[in-house]
Amino acid sequence: MRKLMILFAVLSVFNTKAGVEAADTRTDIRLSSQHRALVLTEMGQFLSGLQQISDALSREDMDAVASVARSLGSSMSQHMPAGLKQALPQGFRKLGHSVHSSFDQIALDAEALGDSSHTLSQLAETLSVCVSCHGIYQIRTE
Ligand code: HEC
């Protein structure tokens with residue numbers, strides 16, 4: 001009987017999980033395959049930049065933190081083609097802009113304060129914007 005109850009408990013966990021996966025409520029953004037590839041490349045740069053920042057933080061190398069953070073800042077989005085900017089919904093652009101500005105601020109503070117725990121808390125805040133945007137949008141090709 002106990003085993004059966006455990007089995008039901010396990011099954012109900014799986015059921016809830018399957019339910020969550022089936023209900024994908026993210027908004028589709030339709031882009032050309034080149035534009036989609038550009039956005040995903042930028043995302044890859046975010047991830048690899050975060051890896052480098054964590055590594056630099058663990059060594060308290062605040063100059064490296066600042067230089068990687070700066071590369072993920074507003075200057076990164078200036079290379080984006082105008083056509084792609086227009087194809088992105090305003091809400092997406094706002095969240096993207098917010099992440100780039102946060103990296104600018106992280107770079108400035110890393111240089112001015114050199115305080116790794118301050119940088120860490122800024123990173124946690126920034127990552128929460130990555131997480132929100134991923135919960136809202138997905139990108140499909142036209
Ligand atoms: C403005 C919205 C937005 C923000 C902000 C954002 N992302 Fe994304 N990201 C997306 C979308 C949309 C996708 C594509 C998801 C899909 O189509 O399933 C994506 C995909 C990715 C991918 C997968 C790339 C691939 O090659 O498939 C990674 C990694 C990623 N994001 C990392 C990050 C990190 C790290 C941050 C924060 C520093 C971040 N993203 C911020 C919207 C965003």
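Between the amide H of Ile29 and those of Gln138, Ile139, Arg140, distances stay under 5 Å, these residues lying 5 or more places away or on another chain, with hydrogens modeled in the peptide plane.
Distance from the Cα centroid of the range 39-77 to that of the range 94-142 is 10 Å (rounded to whole angstrom).
Every read-out reported here was derived from the displayed coordinates using simple, explicitly stated rules and does not represent laboratory data. Keep in mind that this is a model prediction, so the values were computed, not measured.
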